[in-house]
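I have placed the structure first, in the form of structure tokens, so that the comments after it can refer back to it.
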Amino acid sequence: MTRRYDPERRGRIIDAAIRVVGRSGIAGLSHRTVAAEADVPLGSTTYHFTSLDELLVAALRQVNETFAAYLQESRALADPECDVAAELARLMGDWLGGERTGVELEYELYLAALRRPALRPVAAEWCDGVAEALAGRTDPVTVRALVAMMDGLCLQALLTGTPYDEEYARDMLARLIP
């Protein structure tokens, strides 16, 4: 029997896992549901990901890249004259105001690290990616405080259903910047 070469299968499986979690939550994730979503044999999911935690790590890593990349692409943050607090508040507003399912999915996977230790290093990568985007703007301690504040503001907006308040976010972030 010849095996069909499919170099994109692993990526399709990760994308399918993200869709399954987005639709049904982590509780709805199984090798079987992902295989059905990706339209691949069940054995393909277990070949590429021997455990669900391994699959969740890959999914979290992929969704983590969105916000950090968004910050890295901000030309305004590279400008030394930029009001960093205002730009961060604007970027968070754009992110939260965009495709909400993706933001909720990112946080669901991020918070899953509380109960799934295998996800913790990947959750930390999100913080590190955001910190890296801000590294040239202020000292490392302030960067970590900004990351924590941004994380908290986003999480509150998602959990409470309260509309994101860009002015409030700018004011709170500005308090942290020397």
Q.
Full-extension gain between Arg90 and Arg120, please, as 0.36 nm times their residue separation minus the C-alpha to C-alpha distance.
A. 8.0 nm
Q | Karplus (6.51, -1.76, 1.60) ³J(HN,Hα), θ = phi - 60°, over region 116-127, in Hz, Gly and Pro reported as x | A | 10, x, 4, 7, 4, x, 6, 4, 5, 4, 4, 4
Q: Rounded to the nearest 0.05, what FRET efficiency do Asp151 and Thr46 give with R0 = 30 Å and r taken as the Cβ-Cβ distance? Could you check?
A: 0.35
Q: Please give the helix 166-176 orientation as an angle from the longest Cα principal axis of the chain, in degrees from 0 to 90, rounded to the nearest 10.
A: 70 degrees
Q) Rounded to the nearest 500 deg cm²/dmol, what is the calculated helix-only ellipticity per residue at 222 nm for the chain, with -39500 (n - 2.57) per DSSP H run of length n ≥ 4? A) -23000 deg cm²/dmol
(Q) Between Gln72 and Glu8, what's the calculated FRET efficiency when r is the beta-carbon distance and R0 is 30 Å? Round to 0.05. (A) 0.75
(Q) Based on the alpha-carbon set only, what is the convex hull volume of the chain divided per residue, in Å³? (A) 124 Å³
Q) Roughly what would the spin-label model give for Ala135 and Asp39, points 7 Å off Cα along C-beta, in nm? A) 4.2 nm
Q: Label region 79-178 by shape, choosing from rounded, prolate and oblate, from the square roots a ≥ b ≥ c of the eigenvalues of the Cα gyration tensor; if a/c is under 1.5 it is rounded, and otherwise prolate applies when a/b is larger than b/c, oblate when it is not.
A: oblate
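Values in this text are rule-based calculations from the coordinates and carry no lab data. Keep in mind it's a predicted model, so treat the numbers as computed, not measured. Positions of Cβ are backbone-derived with ideal geometry, glycine not excepted, and every protein chain shown enters the neighbour counts.
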